Amino acid sequence: MRPEEFPEILPAASPDRELMTRITVSMTRDLKPERPLRSAGAAVSSLLVVFLAMAVLGAATLGFFGLIRLSSGAIALIFPALAGLTLLAAAASVNAMTPGSKRPFHPAVLMVAACGVMAAIFLLIFRDTSLGRFVPQGLACMRTGLLWAIPTAVFSWIVLRRGYAVNRAAAGIACGTLAGLAGLTVLELHCPNFRLWHILVWHLAVVPIAAAIVGAIYFFGSKRKAAELMQ
Amino acid sequence: MQPAAELEQLMVRYQQGDAAGIAELIQRLSPQLYRFFLAQLVSRRYADDLLQETWLRIHQARHTYRPGEPVLPWIYALARHVRVDHYRRTRRREDRERQVDELPVTPAVQPAASAGPDVQAMLQQLPESQREVLVMLKVSGMSIEEVARATSSSVGSVKQKAHRAYERLRRLYEA
């Protein structure tokens, strides 16, 4: 058997006419015009505005102490990388909420790659391997990062809410990664603690934790909504 | 096969509230969606249910179609979602039923009465992801790019799955 023979040998089948009529009647009843989703570019731009607003607002509220102490080389490495990863996360979030759109990689892969890229950059820049008050300072930073990730996730959801996620968990992970990157950006702008392990563990942890939380909320939230629709 | 531009026009008319547009789409796409479900080894009764549920989902999500984008990946992404939901529901129900009474699981699809190879039986031996890709490519007539969009995967992954499915079918056919 050759692949091209496949359609011919598969048994033909067609739905009943009565069923098709029933579907047509139920779908044309009270049919109203619907405004299509905005273009993907416009949605991505909106998400970038949300990200930028949250990152700047967060750092302005807490103080730009980290940015002031960073060398120009470190700034040139960290912030363009964050911007690039945010762009990818925004595009992944928009695609995840549009059925049948291109998805070159799974949002979980993007989240892991984002952590890997940022970890590599931090390893290049920061050399102080002392621990200091590792846990108390770390917990405070992680809490701050997550606190700024939450409004980013909420505003991102407002931008994306008209979409339809065929993979709810993936959509949540994409949006959570974006929110986590906003939290990480706030920390890089604000935190003057340049100890390597502090940044690698507590700052970076904001990204996977935000992705996991938002992923879970999307998954269980949409599941409940779907169950309500079915009733 | 459906000329893509015509489907796009019908979809836009449907979004604009034109009943004739959706009626035409249902007439054109229902047979191939039905075959898609049947080839995924569901029974005719379930295929009817899945077809209805898919159109309901299409109706609810019709605003998420962006004019100018290909229609088939959008439709099949929703159809696939419906099928996966159905699969999960069925599996949960079967698990519960098995706990109550150890009943054997009956095959869902009646084998086709034909002198040729039993394609349904061969399909049953393919992993689900390969079967899905094969059915979209060969039954629904979608391109590799369209299948990649519908299944939320990369073009390379679709090519690999299709290649493995063909190889396996060929071996089964020759055996």
For chain B, report the convex hull volume of the alpha-carbon atoms normalised per residue, in Å³, without decimals. 137 Å³
Considering the dipole of segment A:40-230 built from charges on the beta carbon (Lys and Arg +1, Asp and Glu -1) around the Cα centre, which of A:G138, A:M111, A:M54 is farthest to its positive end? A:M111
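Dipole of chain A, Cα-centred, from +1 at each Lys and Arg C-beta and -1 at each Asp and Glu C-beta, to the nearest 20 debye? Present the calculation step by step, with values, prior to reporting the outcome.
On the way: 20 positive and 10 negative charges, 105 e Å.
It works out to roughly 500 debye.
Any idea what the dipole of the protein assembly as shown comes to, in debye rounded to 20, about its Cα centre with Lys/Arg Cβ at +1 and Asp/Glu Cβ at -1? Before the final figure, lay out each step's value.
Working: 46 positive and 31 negative charges, 164 e Å.
So the magnitude is around 780 debye.
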Kyte-Doolittle at least 0.0, axis length at least 18 Å by Cα - qualifying DSSP helices, chain A: A:40-62, A:72-96, A:107-125, A:134-160, A:168-190, A:206-230
Relative to the compact-globule estimate 2.2 N^0.38 Å (N residues), the Cα gyration radius of segment A:40-230 stands at a ratio of 1.02
Charged-residue dipole, Cβ positions (Lys, Arg, Asp, Glu), chain B about Cα centre, Debye nearest 20: 320 debye
Residue (of B:I26, B:A39, B:V84) at the positive-pole extreme of chain B, dipole from beta-carbon charges: B:V84
Cα coordinate range in the protein assembly as shown, projected on the principal axes (Å, largest first): 78, 51, 44
Only loop residues by DSSP count here, and only those with at most 14 other Cβ atoms within 10 Å; note down the chymotrypsin sites (Phe, Trp or Tyr not before Pro) in segment A:138-223 that meet that. none
Tell me whether segment A:175-225 comes out rounded, prolate or oblate; compute the Cα gyration tensor, take square roots of the eigenvalues as a ≥ b ≥ c, and use a/c under 1.5 as the rounded threshold. prolate
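Quick one: compute the contact order of chain B, relative version, from alpha carbon pairs under 8 angstrom and 6+ residues apart, as a percent.
Dividing the mean separation by the residue count of chain B yields 25 percent.
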Longest exposed-loop-site-free stretch of chain A, with trypsin sites (Lys or Arg not before Pro), DSSP loop and at most 13 other Cβ within 10 Å? A:30-126
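Just so you know, all these numbers are worked out from the coordinates, no wet-lab data involved. Keep in mind that what you see is a predicted model, and the values were worked out from it rather than measured. Here Cβ is always computed from backbone atoms with ideal geometry, including for glycine, and neighbour counts include all displayed protein chains.
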